[in-house]
1. Of all residues in region 132-147 being part of a loop (DSSP other than H, G, I, E, B) and open to solvent by 10 Å² or more (accessible area, probe 1.4 Å), which is nearest to the ligand (Cβ to nearest atom)?
2. Here's a check for you: in region 148-169, which residue that is within 13 Å of the ligand (Cβ to nearest atom) and either open to solvent by 10 Å² or more (accessible area, probe 1.4 Å) or of a type in the set (Phe, Trp, Tyr) (or both) is nearest to ASP13 (Cα to Cα)?
3. Please verify whether region 211-230 includes one or more residues that are under 26 Å from TRP164 (Cβ atoms), open to solvent by less than 20 Å² (accessible area, probe 1.4 Å) and away from the ligand (no atom under 16 Å from the Cβ).
4. Can you tell me which residue is modelled with the highest pLDDT among those in region 47-66 that are surrounded by 19 or more Cβ atoms within 10 Å (Cβ to Cβ) and in contact with a strand residue (DSSP E or B) (Cβ under 6 Å, 6 or more places away or on another chain)?
5. Output the residue which, of all residues in region 84-131 that are of a type in the set (Lys, Arg) and within 28 Å of ILE150 (Cα to Cα), is farthest from the ligand (Cβ to nearest atom).
6. If you scan region 235-256, which residues turn out to be free of Cβ contacts under 8 Å to residues at least 24 places away in the same chain, touching a strand residue (DSSP E or B) at 6+ places or on another chain (Cβ under 8 Å) and more than 12 Å from PRO135 (Cα to Cα)?
7. Please state which one of LYS202, LYS194 is basic (Lys, Arg), touching a residue at least 60 places away in the same chain (Cβ under 8 Å) and either away from the ligand (no atom under 13 Å from the Cβ) or part of a loop (DSSP other than H, G, I, E, B) (or both).
8. Taking region 218-265, which residues are more than 25 Å from LEU145 (Cβ to Cβ) and in a strand (DSSP E or B)?
Amino acid sequence: MLTPEQVKSFERDGFVKGEVVLNDEEVERLRLELDLVLEGKSDNKPVLNRNLADKSDYGMVMEASETIVQVVNIWMASELYRKHAAHRSVCEDVALLAGSNELRIWHDQIQYKPPITGGPTRWHQDHPLWPIIQPSELISAWVALDDAVIENGCMWMVPGSHKWGDHQRYLLHGSDHMPQHKRPELLPPGIEIKPVPFEIKKGQVGYHHCMTWHGSLPNTSELKRRAIAVHYMPENIRYEPLGNHPMSKHIHVQPGERLTGDDFPVVYTR
Ligand SMILES: O=C(O)CCC(=O)C(=O)O
């Protein structure tokens, strides 16, 4: 369980490291299960399984050889990942940070950066990419399936940026891979954009707020960089038909209603 100091640091910075929540054997089982899904051998399919580096609207110049394997909703393809999404101590931490009595899965996401060719993940805020759910109060739990260090493309975070509003359209990936802002005059006065590496050990969890600026560098090492992130909805999240998203076709509620249904399962109740 997170300590009061960790909770305070999450509130101040918009991210915090948690405990090691998976032992080596549990990590290994999730890795093998990921291989099955990537090879198309699972009984059910995830919502997306693609090379994120190919996305035309990705907003960055990517090398043709670069790869970021993105799998969305692997929990739909794998019972093991569904159980992982309901990991009790992870969910307790997220519920504590969100001040919620219940959590549902918005969606999950694997990002796998293969050795040497793993590409960068652009600087972004999560919630502006999810316009169909409001308010911007979701929390993600990112669990490393390999040690995530600077060399293999761990995430970087900008402390305090979850309090600066929506700057998604102004965020650029500079040539040094650090964040640049197209209209700095729109930022709150006196703030400093000082990204820090968010290195996470194999089996450890890192939490981030859905408005925190974050991105990750290319994997220039010989190591794999695999991770499973689950994006959790606290109980106050509602559907707003304000755009499109790969999960749109799974939504069967009316605008203003909570996102209920089999594709958004409750994974935690206090
Ligand atoms: O795994 C990464 O490098 C990025 C993941 C991410 O953006 C997220 O979990 O919100």
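The values are calculated or read from the model by the stated rules, or taken from the named source; none is laboratory data. If you're wondering where the values come from, they're calculated on a predicted model, not measured in any experiment. Glycine gets a Cβ as well: all are built from the backbone with ideal geometry, and neighbour counts include every protein chain shown. The accessibility values were calculated without ligands, DNA or RNA, using every heavy atom of the protein model including side chains. Shrake-Rupley method; radii C 1.70, N 1.55, O 1.52, S 1.80 Å.
1. At the first step, the residues of region 132-147 found to be part of a loop (DSSP other than H, G, I, E, B) are 132, 135-138, 145-147.
Imposing the further condition that a residue be open to solvent by 10 Å² or more (accessible area, probe 1.4 Å) reduces the set to 135-137, 146-147.
Details: PRO135: 18, SER136: 13, GLU137: 15, ASP146: 11, ASP147: 14 Å.
So the residue we want is ASP146.
2. Filtering region 148-169 for residues that are within 13 Å of the ligand (Cβ to nearest atom) and either open to solvent by 10 Å² or more (accessible area, probe 1.4 Å) or of a type in the set (Phe, Trp, Tyr) (or both), the one nearest to ASP13 (Cα to Cα) comes out as HIS162.
3. no
4. The residue in question is VAL47.
5. Initial filter on region 84-131 (of a type in the set (Lys, Arg)): 88, 104, 113, 122.
Okay, now just the ones that are also within 28 Å of ILE150 (Cα to Cα), so 113, 122.
Working: LYS113: 7, ARG122: 9 Å.
By that ranking, first place goes to ARG122.
6. To start, the set of residues in region 235-256 that are free of Cβ contacts under 8 Å to residues at least 24 places away in the same chain comprises 249, 252-256.
Subset that is touching a strand residue (DSSP E or B) at 6+ places or on another chain (Cβ under 8 Å): 253-256.
Hits for region 235-256 are VAL253, GLN254, PRO255.
7. Numbers: LYS194 fails: touching a residue at least 60 places away in the same chain (Cβ under 8 Å).
Selected residue: LYS202, the only one of LYS202, LYS194 that is basic (Lys, Arg), touching a residue at least 60 places away in the same chain (Cβ under 8 Å) and either away from the ligand (no atom under 13 Å from the Cβ) or part of a loop (DSSP other than H, G, I, E, B) (or both).
8. Hits for region 218-265 are PRO234, ARG238, TYR239, ARG258.
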